[in-house]
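Here, each number is a calculation from the coordinates, and none is a lab measurement. Since the structure is predicted, the reported quantities are computational estimates derived from the model, not experimental observations. Positions of Cβ are backbone-derived with ideal geometry, glycine not excepted, and every protein chain shown enters the neighbour counts.
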Amino acid sequence: MDFSAVLRKLDAEAPALDALSDGIWEKAEISYTEKESSRLLAGYLRGQGFETVSGAYGIPTAFTARFGSGSPRIGLLGEFDALSGLSQKAEVFEKCPAGGAAANGHGCGHNLLGTAAAGAAAAVKEFLAREGCSGTVVFYGCPAEENGSGKAFMARAGAFKDLDCALTWHPGVLNRIFSESTLANVLVQFCFHGISSHAGGAPELGRSALDAVELMNVGANYLREHMIDDARIHYAVTNTGGTSPNVVQASADVVYMIRCPESSQVRELSGRVVKIAEGAALMTETTVEHRIIKSCANFISSRVLEGLLYDSFREVPLPEYSREDREYLEKFSATCPKSPEEALRTAAGREASREGRAFLKQRLKDRFWNFIVPWDRDRDDTLIRGSTDVGDASWMCPVAQFYAAAWAPGTPGHSWQATAQGKGKVARAAMLWSAKVLALSACKLLTRPELAAAAREEFAETMKGRTYFPVPPEARPAALAELQA
C-alpha cells in the first residue's frame, strides 16, 4: 500500500508542530504540573478531529485522544514534562539560564517527544478516515515521566491493556532502535520525628531527626557493598529540620530512589533500606515513617515491533544537514564533556546489536551522526542503568521505541545543552522525521493485522512466568514540590 499521503500530511503539519513543540518548551512544566503543556497537545488533537478525555485515569494532566473503531488498536505514547533546574536560553552555546538557575527546562526533549507522537496520531487518523479501514488510534498524553512515573499510575488505573501495540520514541544523539531493558525503581520518602531542644543549653533533652537521616545515609552507603552490581541507590534530603543550628531538629525527611533490573529485586532491596531507616531511628531514639511515592517497571521491548520501526527507518528519508547545521552542531559538541569520538566509543560499547557495535566502531571519526545504526533481530539482551515508565506500558501490551538524532554528538541527556537545542532546526527536523516513522509504522500495523498478531503472540510468550508489580495502592501521583518541606 502507498503511504506517501501519510508523510505528506506531516510535511503540511510541520509549521504547526514546530509551534506546538516551542510552546511546550517555553512552558517547561515539571511532573504533574503540566497543565498548559497538556492543554496545548490535547487542543491540537481535538482540532484534528480526535475525541479527547482530559484528566484521564484520575490524573489531572493526563489525557487521551482517540479516533476510529475496532481492531487493531494502536497506541502512541507522548510525554511533555520538563526537569527542574535546567532553565536555559535557546540556541546559546554556553550555560545561560533563562529563568534563574532553579527554573525548569526541557533537558530531556519531551517537548519534541510528545509533539512528534501527536503529529503521528494526526497523520494516522487521516489515513483511517481516507481508507475507511477498521482500526483505532489512541494518543496517550502521559505526564510526569521524570520522577513521577505517570504511565505507571495510568497502567494501574487500566491504561494500555486494551491495545494491540504501542509505539513511542525519544530524542537523543543517534538514530537507533531502543532495544535495551531498563531498571525498575521505587521512590520512597522517609520522615523522621524527634524532640526539639536548645542545642547548647539542654542538648540531652533533644532527639535529632537530622542525625537519624545522616545515619540512614551512612547505612545505605554501606549497603552498596552488599547488593547486586546492577542495583542503584540514590537519595535527596528534602527537609533538614530548619536553618537554626542551635535547635535540635525535631523533623527531617529524605527521599530514596532504589533501582534494580527487575521489580521483584527492587522490592527486596527496598525492604533492606527500610530496615536501615528503622535502625537509624532506633540509634537516635526518634521515630520514622515511610511512604512509597511511585514506582516503575523495567522496560521489555517487542522485537517484532522493533523490526517494524527499523523497516520504517529505512523508508523515511533522513533529514539532511546544511553547512550551517553542521557548524551549529559542532559548536554544541565542543561544549560537551565528551568529544564525539569518545561519546561514540561509549555508545558502541553499549550497543545491543553486534552489527551495530561494529558499525559504530567504524564511524568513530564521524563528527556528524546523521546515519541509522543497524539493528538485527538476534540482538543481545542488554541493560541500561536509567529508568522509564514506558516500562509499565510494556507490561500491558507489546511496545517498542526508538531514539532519533535531535541533539549534537556528545550531548548528554538532562543537560543545559539538550535544553538549548530544543527549539533548533536540527531538533525540529528530527521531530518531524520521528513523527513520520511512528505514523508509517502505525499505518502498517493497521493494514497488516498479522504484524499486530505476531507482536501479541511474542508478548504472551515473553510474559510467561513473570509477575507485574503495579504501583502500590497507597501511592498517589505527587508533584516533586509536595516532597519538600
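So if I place +1 on the C-beta of Lys and Arg and -1 on the C-beta of Asp and Glu, and nothing else carries charge, what would the dipole magnitude of the range 166-309 be about its Cα centre? I want it in debye, nearest 20.
Working: 11 positive and 14 negative charges, 83 e Å.
Here the range 166-309 has a charge dipole of around 400 debye.
Let me see the P(r) profile for the range 184-296: every Cα-Cα distance counted, bins of 5 Å, each bin given as a percent of all pairs.
Using 5 Å bins, I get a P(r) of 2, 13, 23, 21, 16, 11, 6, 4, 2, 0, 0 for the range 184-296.
For the range 210-317, which GluC sites (Glu not before Pro) pass both filters: DSSP loop (anything but H, G, I, E, B) and at most 15 other C-beta atoms within 10 Å? Mind showing how you got there, number by number?
Numbers: sites: GLU214, GLU225, GLU262, GLU268, GLU278, GLU285, GLU289, GLU306, GLU315; in loops: GLU262, GLU285.
Passing both the DSSP loop test and the Cβ count: GLU285.
Hey, how many Å between the Cα centroid of the range 334-348 and the Cα centroid of the range 150-179?
So the two Cα centres are separated by 28 Å.
Which one of LEU17, SER251, LEU383 has its Cα pushed farthest toward the positive end of the charge dipole of the chain, where Lys and Arg give +1 and Asp and Glu give -1 at the Cβ?
The one lying farthest along the dipole's positive direction is LEU17.
If amide H atoms are built 1.01 Å from N in the plane of the peptide, which residues on other chains or at least 5 residues away come under 5 Å of the amide H of ALA252?
Excluding prolines and chain starts, which carry no amide H, the hits are PHE192.
Using a Förster distance of 30 Å, how high is the FRET efficiency between ALA453 and ASP11, based on the Cβ-Cβ distance and rounded to 0.05? All intermediate terms of the calculation are to be shown ahead of the outcome.
Details: r = 32 Å, r/R0 = 1.06.
Efficiency computed from Cβ-Cβ geometry: 0.40.
Could you give the semi-axes, largest first, of the ellipsoid that matches the range 348-466, computed as the square roots of 5 times the alpha carbon gyration tensor eigenvalues and rounded to whole Å? Before the final figure, lay out the partial values.
Working: eigenvalues 157, 73, 52 Å².
For the range 348-466, the semi-axes come out at 28, 19, 16 Å.
Grab the other residues whose beta carbon is less than 10 angstrom from that of GLU79, score K and R as +1, D and E as -1, and report the net. Mind showing how you got there, number by number?
Working: positive: LYS151; negative: GLU34, ASP81, GLU145, GLU146, ASP389.
Overall, the nearby charge balance is -4.
Counting pairs of Cα atoms in the range 342-412, how many percent are more than 17 Å apart? Please list the in-between numbers first.
Details: 1296 of 2485 pairs.
That fraction is 52 percent.
Rounding to the nearest 20 debye, state how big the charge dipole of the chain is about its Cα centre with +1 on each Lys and Arg Cβ and -1 on each Asp and Glu Cβ. Kindly include the intermediate steps, with their values, before the conclusion.
Values: 52 positive and 58 negative charges, 119 e Å.
Roughly 580 debye for the chain.
Work out how much length GLU315 to GLU355 would gain on full extension: take 0.36 nm times their residue separation and subtract the Cα-Cα distance, in nm to one decimal.
On the way: separation 40, 0.36 × 40 = 14.40 nm, distance 1.97 nm.
Length gained, GLU315 through GLU355: 12.4 nm.
In this model, which of LYS35/LYS161; LYS444/LYS464; LYS89/LYS423; LYS27/LYS423 are farther than 20 Å apart at the alpha-carbon? Present the calculation step by step, with values, prior to reporting the outcome.
On the way: LYS35/LYS161 26 Å; LYS444/LYS464 27 Å; LYS89/LYS423 10 Å; LYS27/LYS423 13 Å.
Pairs exceeding 20 Å: LYS35/LYS161; LYS444/LYS464.
I need the calculated FRET efficiency for the pair ARG345 and LEU383, taking r as the beta carbon distance and R₀ as 22 Å, to the nearest 0.05. Don't jump to the answer; show the numbers that get you there.
Working: r = 19 Å, r/R0 = 0.87.
In this case the efficiency is close to 0.70.
Gain in length, ARG267 to GLU482, computed as 0.36 nm per residue apart minus the alpha-carbon separation, to one decimal in nm? Don't skip to the answer; put the middle values down first.
Numbers: separation 215, 0.36 × 215 = 77.40 nm, distance 2.38 nm.
So the extension gain works out to 75.0 nm.
How much length would be gained if the chain were fully extended between ARG46 and CYS96, taking 0.36 nm per residue of separation minus their Cα-Cα distance, in nm to one decimal? List each step's numbers first, then the result.
Working: separation 50, 0.36 × 50 = 18.00 nm, distance 3.61 nm.
Contour length minus the Cα-Cα distance gives 14.4 nm.
Order these by the 10 Å Cβ neighbour count, fewest first: LYS125, LYS425, LYS444. Don't skip to the answer; put the middle values down first.
Details: LYS125 22, LYS425 16, LYS444 19.
Least crowded to most crowded, the residues run LYS425, LYS444, LYS125.
Please compute one quarter of the surface area of the Cα convex hull for the chain and express it in square nanometres.
Taking a quarter of the hull surface, the average projection is 22.9 nm².
How are the Cα pair distances of the range 42-131 distributed, in percent, across 10 Å bins from 0?
15, 37, 25, 17, 6, 0
Across bins of 10 angstrom width beginning at 0, how are the C-alpha pair distances of the range 82-221 distributed, in whole percent?
With a bin width of 10 Å, the distribution comes to 8, 22, 25, 21, 13, 7, 3, 1, 0.
Return the aspartates and glutamates within reach of LYS331: Cα separation strictly under 20 angstrom, same-chain partners fewer than 8 residues apart disregarded; answer none if there are no such residues.
Straight-line reach from LYS331, under 20 Å: GLU91, GLU94, GLU320, GLU341, GLU342, ASP366.
Let me check against my output: what whole-number percent is the relative contact order of the chain, with C-alpha pairs under 8 Å and at least 6 apart? Don't jump to the answer; show the numbers that get you there.
Values: 1121 pairs, mean separation 116.2, N = 485.
Once divided by the residue count of the chain, the mean separation gives 24 percent.
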